[in-house]
Amino acid sequence: MVAPQYQEFDAASIPCESRNGALVKVITGETSAGTRGPVSQPLTDPLFIDVALEPGAELIEELASGHNAFLYIIEGRLSPADGGDEPLELEPGQLAVLGPGDSVRVHASANGARFLLVAGKPLQEPIARGGPFVMNTADEIRQAFSDYQRGRF
């Protein structure tokens, strides 16, 4: 297990880039335009960006090969550029897990959209969940609850 660590950055230290009707805040990772966020996590090499698209704007972002990725819609509506035979429109509060590929391409609706794009290297480890904790085994979940209840955090 890796020792816990904390990184704190205020909003002013989060870099932003503007491109083609998109405002992209880069929390961690590096965008295809070369903007790098301040948060570092080499184990999973994550990309975490907060994107605001103007009405009708499109975002194309490269993703590292083999990384898992998802979109979480905050405001407006968003459509994947390659929606297949049936048009798909994502709404606020929805999370879309992306399939294999090396990029994502999305369009904002006529009212614009805001969403998170998160990607990272899979850990290839078992996952156990319990309450707010995510560990590898049920025993580790029980230990985390015990540590929390005893004030060891």
Exercise for review: Could you list the GluC sites (Glu not before Pro) in segment 1-49 that lie in coil according to DSSP, counting only those with at most 16 other Cβ atoms within 10 Å of their Cβ?
Suggested key: 8
Study note, to complete from the structure: Nearest 10, in degrees from 0 to 90: the angle of helix 138-149 to the longest Cα principal axis of the chain is 80 degrees
Study note, to complete from the structure: Taking R0 as 25 Å and r as the Cβ-Cβ distance between residue 116 and residue 152, the FRET efficiency 1/(1 + (r/R0)^6), rounded to the nearest 0.05, comes to 0.20
Point to revise | Signed unit charges on C-beta, dipole axis of the chain, positive-most listed residue 4, 94, 67 | key: 4
Exercise for review: Could you check the simple spin-label distance between residue 54 and residue 140, using points 7 Å along Cα→Cβ, in nm with one decimal?
Suggested key: 4.6 nm
Practice item. Please give the per residue volume of the convex hull enclosing the alpha carbon atoms of the chain, rounded to a whole number of Å³. Key: 142 Å³
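Bear in mind that the values in this text are calculations on the coordinates, not laboratory data. Just so we're clear, the structure is a prediction, and the values are computed from it rather than from any experiment. All Cβ positions, glycine included, derive from the backbone under ideal geometry; neighbour counts span all protein chains shown.
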